[in-house]
Amino acid sequence: MDAYLEGILILSGINLIAVMGLCLLTGFAGLFSFGHAGFMAIGAYTAAIFTKMLGLPFVFGIAASAVSAAIVSWLIGMATLKLKGDYFCIATLGFGEAIRLILDNFQGLGGSRGWPGIPASSTLLNIVILDIIGVVLIANLVRSRHGRNMIAVREEELAAQVAGINTYKYKMLALVISAAYAGVAGALLGHYMTFIQPKMFSMVKSTELTIIVIFGGLGSISGSVIGAVVLTFLPELLRVVDKWRLVAYGMAVIAIMIGRPRGLMGGFELTPASFRKLFAERKAAREIKAASRLYSDDDSAQGAGR
Amino acid sequence: MSNILEIKGLTKRFGGLAAVDNVDFDVREGGITGLIGPNGAGKTTIFNLITGVYKVSSGNVFFRQKDITNTEPYLVADYGITRTFQNIRLFKNLNVFENVLTACHASAKYGLAESFLRLPRFRKEELALKKKAMDLLDYMGLADRKDAIANGLPYGLQRRLEITRALALDPKLLLLDEPAAGMNPDETEQLMKLIANIRDRFNLTVLVIEHHMDLVMGVCEHIVVLNFGKKLSEGRAEEIRGNKQVIEAYLGGEHAEC
């Protein structure tokens, strides 16, 4: 395969993993985060410590990245999840920037110059496998009682509580799982670039992830998948407009959001069942139309006869 | 008959204002108790104190002799107390079936790993949950609306759905906050019958806040009257109907007439 195309596919696959986690947190549990690049950074550096410093296989690096990001998110969650929506969002923003600045100033891991020489273990194959596993796990979760409880928290927190749902626990669960996904994405990114630098995990990255989730449609897994691929490819396709690239990117996103205010998929999923339902509705609509035409034909025939 | 709920010296202060002031009353197991009073009497505040939505300033709430004062709302629900809200709080963007299915969660025991991997216990318990939700919708006459989005339902059905969702938790004590608000006399009468039926069918105790006197007098075996956060009176419907203080609270005292 063309190395350039493969590169973009790999980057969309990596974004997809981070976006899947954020899709659970934002789309299903209803919590906005602008600090997920921080969890990616934790994952990237932890995995690099395991593979580069300790010489362990990549699998251990990935597992460690998920676990480390999850633990940190649990600590952050304890401090911030009691906050209401917007305040939680601001707290995550602060956290993401704090992680970046700590790594910038910590010379042991390369500081702001970055950390080169990480083994190039990320391949398109292992990323695609992890993507599939990641999507299946989240899709299974949101259709279980645990997933429904998260959705209840998003819909109406007080009603969820009096329905016996421990809202704090389910928000924490969503946060920890999404952070683990971001950690894995960070590990994959580091082992694809073979170089990591705190600058890669700035607020811009966090915002990009949130944009993808909203673009795909809150509460839609297929939307997030399509969003991750489309919005990773888009800047590359827009290279033709040269220095206006990011302007065009911004305009394209705005245009799509105006056209589809609830996101690309607007909460719907692409599943065999939803297709069947769509076709059944189309068919019913056609039949009604045909029947009404028949009826009006009848009508006009009668009119002519009279 | 024993008391399922005992409220002793319950007080809630918001700053200098005592919204609920030293209120005592008991709710008998298996009965339908009414909680009435003019606007601002503290009825809904009492519901919020029982279910742990507000923190109690002083006093205690006992559920089956167990002190549940200041328990987290989700634990209160676990003990077997659920409620509806005066301003309906449904999971608005979910459909009718999903609203009830979500509330059925406590009937399943499968864990997180089992949901991630769709293990056999997950499948089995999910089927049972779906059946339970469907049975409830059938009983409450909402089965034909199961795919409708909750927010788009007519008002009366939204109230009905909220009661259905509360029943999905298998409560022992059901707290209804103005279930007949905004209903016409016909709908109110249907609701009265429904409340009595639900009580018998699910072996519940019901505590209901209501303004519609026909509903209160019609179904409640015991009535507690509040005014300005204090208990004014309690007793059987006939006793309350003839109580001078109660009439004064609702219609104004003789000296206030002009």
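Bear in mind these aren't lab numbers, they're just calculated from the coordinates by the rules spelled out. Keep in mind that this is a model prediction, so the values were computed, not measured. Cβ sites come from the backbone with ideal geometry, for glycine too, and all protein chains shown count toward neighbours.
Results, tabulated for the structure shown:
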item	result
Summed side-chain charge close to B:ARG160 - residues other than B:ARG160 whose Cβ falls under 12 Å, Lys, Arg +1, Asp, Glu -1	+1
The range A:104-109 - phi-based ³J(HN,Hα) in whole Hz, Karplus 6.51/-1.76/1.60, Gly and Pro as x	4, 9, 9, 5, x, 10
Cross-link partners of B:LYS146 among lysines (Cα-Cα below 19 Å; sequence separation of 8 or more within a chain)	A:LYS277, B:LYS92, B:LYS130, B:LYS131, B:LYS132
Most mobile of B:MET140, B:MET192, B:MET213 in a GNM of chain B (Cα contacts under 10 Å)	B:MET213
When each of A:LYS84/B:LYS55; A:LYS84/A:LYS243; A:LYS169/B:LYS66 is checked by Cα-Cα distance, pairs over 29 Å	A:LYS84/A:LYS243
For the protein assembly as shown, fraction of C-alpha pairs farther apart than 47 Å, in %	29
Chain A: relative contact order as a whole-number percent, Cα under 8 Å and 6+ apart	31
Separation in nanometres of the label points that stand 7 Å from Cα toward Cβ, at A:LEU101 and B:ALA18	5.0
R0 of 22 Å, Cβ-Cβ distance A:ALA255-A:THR207: FRET efficiency to nearest 0.05	0.75
Sum of side-chain charges, B:GLY111 neighbourhood, beta-carbon under 12 Å (Lys, Arg +1; Asp, Glu -1)	+1
Given charges at Cβ of Lys, Arg, Asp, Glu: the range B:102-155 dipole, positive-most of B:ILE149, B:SER115, B:CYS104	B:SER115
Dipole moment magnitude, nearest 20 debye, the protein assembly as shown about Cα centre, only Lys, Arg, Asp, Glu C-beta charged	1380
Range of Cα positions in chain A per principal axis (Å), largest first	96, 54, 34
Simple label model, 7 Å out from Cα along Cβ direction - B:ALA143 to A:ASP242, nm	6.9
Estimated FRET transfer efficiency when R0 is 41 angstrom, pair B:GLN245-B:LEU194 (beta carbons, to 0.05)	0.85
Between helix B:155-167 and chain B: long-axis angle, C-alpha atoms, 0 to 90°, nearest 10	70
Prolate/oblate/rounded label for the range B:38-114 (Cα gyration tensor, a/c 1.5)	oblate
20 Å Cα-Cα reach of B:LYS244 towards aspartates and glutamates, excluding residues that sit fewer than 8 places from it in its own chain	B:GLU210, B:ASP214, B:GLU221, B:GLU234, B:GLU254, B:GLU257
Cα gyration tensor of the range A:167-306 - equivalent ellipsoid semi-axes, whole Å, descending	47, 22, 13
Alpha-carbon Rg/Rh ratio, for the range B:1-68, with Rh computed the Kirkwood way	0.96
The range A:235-277 and the range B:64-129: distance between their alpha carbon centers, rounded to Å	36
Rounded to the nearest 20 debye, dipole of the range B:170-258 from Cβ charges on Lys, Arg, Asp, Glu	360
Net charge contributed by nearby residues that have their C-beta within less than 15 Å of A:GLU287 (K/R +1, D/E -1)	+4
Semi-axes of the equivalent ellipsoid for the range A:1-41, Cα gyration tensor, largest first, Å	26, 11, 6
Listed residues A:LEU9, A:PRO57, B:ALA181: farthest to the positive end of the dipole of the protein assembly as shown (Cβ charges)	A:PRO57
Calculated over the range A:121-213: convex hull of Cα atoms, volume per residue (Å³)	108
Chain A: most fluctuating residue of A:ALA37, A:ALA174, A:ALA163 per GNM, C-alpha cutoff 10 Å	A:ALA163
Förster radius 45 Å - calculated FRET efficiency between A:VAL136 and B:ASN39 (Cβ-Cβ, nearest 0.05)	0.25
Tensor-based shape of the range B:91-170 (alpha-carbon gyration tensor, a/c under 1.5 rounded, otherwise prolate or oblate)	prolate
Approximate spin-label separation B:ARG121-A:GLU157, in nm, with each point projected 7 Å along Cα-to-Cβ	3.1
Prolate/oblate/rounded call for the range B:120-258, Cα gyration tensor, a/c under 1.5 rounded	prolate
Dipole magnitude (debye, nearest 20) for chain B, charges at Cβ of Lys, Arg, Asp, Glu	1040
Compactness of chain B, expressed as Rg and Dmax over alpha-carbon positions, Å	19.5, 74
With at most 14 other Cβ atoms within 10 Å, longest stretch of chain B clear of loop GluC sites (Glu not before Pro) (DSSP)	B:1-220
For chain B, built as a Gaussian network whose Cα springs stay under 10 Å, the top-fluctuating residue of B:ASP186, B:ASP170, B:ASP214	B:ASP186
Where a label projected 7 Å from the Cα of A:PHE195 along Cα→Cβ would reach, residues of the range A:108-125 with amide N under 19 Å	A:108-123
Neighbour-count ranking [beta-carbon atoms within 10 angstrom, fewest first] of B:LYS55, A:LYS205	B:LYS55, A:LYS205
